1. Quick one: in segment 165-219, which of the residues that are among the small types (G, A, S) and in contact with a strand residue (DSSP E or B) (Cβ under 6 Å, 6 or more places away or on another chain) is nearest to A103 (Cα to Cα)?
2. I need every pair where a residue in segment 150-166 that is more than 21 Å from L112 (Cα to Cα) has its Cβ under 7 Å from the Cβ of a residue that is of a type in the set (S, T, Y) and in a loop (DSSP other than H, G, I, E, B), sequence separation at least 6 or different chains.
3. Considering each of V152, V168, V183, V145 in turn, give the residue that is open to solvent by 20 Å² or more (accessible area, probe 1.4 Å) and β-branched (V, I, T).
4. Looking at E234, is it surrounded by 16 or more Cβ atoms within 10 Å (Cβ to Cβ) and either of a type in the set (V, I, T) or more than 30 Å from D144 (Cα to Cα) (or both)?
5. Is there a residue in segment 173-193 that is more than 22 Å from F107 (Cα to Cα), touching a helix residue (DSSP H, G or I) at 6+ places or on another chain (Cβ under 7 Å) and among the hydroxyl-bearing types (S, T, Y)?
6. Taking strands (runs of 3 or more DSSP E) that fall entirely within segment 208-261, which contain at least 1 residues that are touching a Ser or Thr at 6+ places or on another chain (Cβ under 6 Å)?
Amino acid sequence: MRFDLTDLNLFIQVADSGSITAGAERCHLSLASASARIRGMEETLGTPLLQRGRRGVTPTPAGRALLHHAQTIAAQVQHLRGDLGQYAQGLKGHIRLLGNTAALSEFLPEALAAFLAAHPQVDVDVEERLSHHIVEAIAAGLGDVGIIADSVDPGELETLPFREDRLVLVCSRRHGLAGRETVNFADTLDWEWVGLTPGSALPDFLAAHGARIGRQPRYRVRLGNFDALCRMVEAGVGVGIIPVTAARRYARSMDLAVLPLADAWASRQLRLCCRRLEALPPYARQLVEHLRQAAPPAI
């Protein structure tokens, strides 16, 4: 079935006017061209679409079914044109924002909410990825703005400081590690873990560091957010590694011990990245500036 928008619009106009001639005039087509299009649709479907009479034409049952779908498609096209027209006129903006787990869960929600409230004409798609995947995506034009750890080479991307992110161990205060002042990542691998679900950037990041020393976390359970993770840790199910901002927040209401990781890679600077700041649309540059200014107190 090969109908184009002109075919469908023509059929709507013919059905509305009750005349192929009038429908052709409304669509700025010649009568011969309009008649050929109608015949082509009927031949494609293998059934008449119009009942022809002395007073004009009326849709057959098949024609009424086609008319219903054609009107639905026409309405959707009008909505599409309206939405895209807003973008073309600068009335609507769309930003593709990529970030790692810490950025998206700890630093973005409040800052991004404030930006969106102040810019109702802007939509933002947010996607979680590992930092090196973010660099690849931004460089390939698959994202506008990224938030990456400074441990990753940004290549030719332009970067700007964003936040400090420090990873810590959380465990029950009854746990064997709870009395330490700091803990090495390797030592945590002697214990069972509670972690985030596969596909999150943080567990992939930790797995990469485990691979460097030939060991991997032994997960008892993997959950979708830091709140659920910390509740499992509080119950003594295992230990977990999360950003210090989240650990401190949950430690205020849960019986948790928070231990800094002694590994140098556990303390990271997060950076905003893009191909070229001056090449971003104005609303995307405004988002970058907003995120830089909406910094929380130092951790």
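1. To start, the set of residues in segment 165-219 that are among the small types (G, A, S) comprises 172, 176, 178-179, 186, 195, 199-201, 207-208, 210-211, 214.
Now restrict to residues that are in contact with a strand residue (DSSP E or B) (Cβ under 6 Å, 6 or more places away or on another chain): 178, 195, 201.
Details: A178: 27, G195: 17, A201: 10 Å.
Per the stated criteria, the residue is A201.
2. Qualifying pairs under 7 Å: none.
3. Working: V168 fails: open to solvent by 20 Å² or more (accessible area, probe 1.4 Å); V183 fails: open to solvent by 20 Å² or more (accessible area, probe 1.4 Å); V145 fails: open to solvent by 20 Å² or more (accessible area, probe 1.4 Å).
On inspection, the qualifying residue turns out to be V152.
4. Details: surrounded by 16 or more Cβ atoms within 10 Å (Cβ to Cβ): yes; either of a type in the set (V, I, T) or more than 30 Å from D144 (Cα to Cα) (or both): yes.
So E234 fits the description; yes.
5. Checked segment 173-193: no residue is more than 22 Å from F107 (Cα to Cα), touching a helix residue (DSSP H, G or I) at 6+ places or on another chain (Cβ under 7 Å) and among the hydroxyl-bearing types (S, T, Y).
6. Working: elements: 218-223, 240-243, 256-260.
Those strands (runs of 3 or more DSSP E) span 218-223, 256-260.
One line per residue, one yes/no per condition, for (1) of a type in the set (V, I, T); (2) touching a residue at least 12 places away in the same chain (Cβ under 8 Å); (3) out of contact with any strand residue (DSSP E or B) (no Cβ under 9 Å at 6 or more places or on another chain):
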position: S19; (1), (2), (3): no, yes, no
position: R39; (1), (2), (3): no, no, yes
position: L49; (1), (2), (3): no, yes, no
position: R52; (1), (2), (3): no, no, no
position: T60; (1), (2), (3): yes, yes, no
position: G63; (1), (2), (3): no, yes, no
position: L67; (1), (2), (3): no, yes, no
position: I73; (1), (2), (3): yes, yes, yes
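The values are calculated or read from the model by the stated rules, or taken from the named source; none is laboratory data. This one's a predicted model, so the numbers in the text were calculated from it and none came from an experiment. FYI the Cβ positions are ideal-geometry reconstructions off the backbone, even for glycines, and counts take in every protein chain you see. Heavy atoms of the whole protein, side chains included, go into the accessibility calculation; ligands, DNA and RNA do not. Shrake-Rupley method; radii C 1.70, N 1.55, O 1.52, S 1.80 Å.
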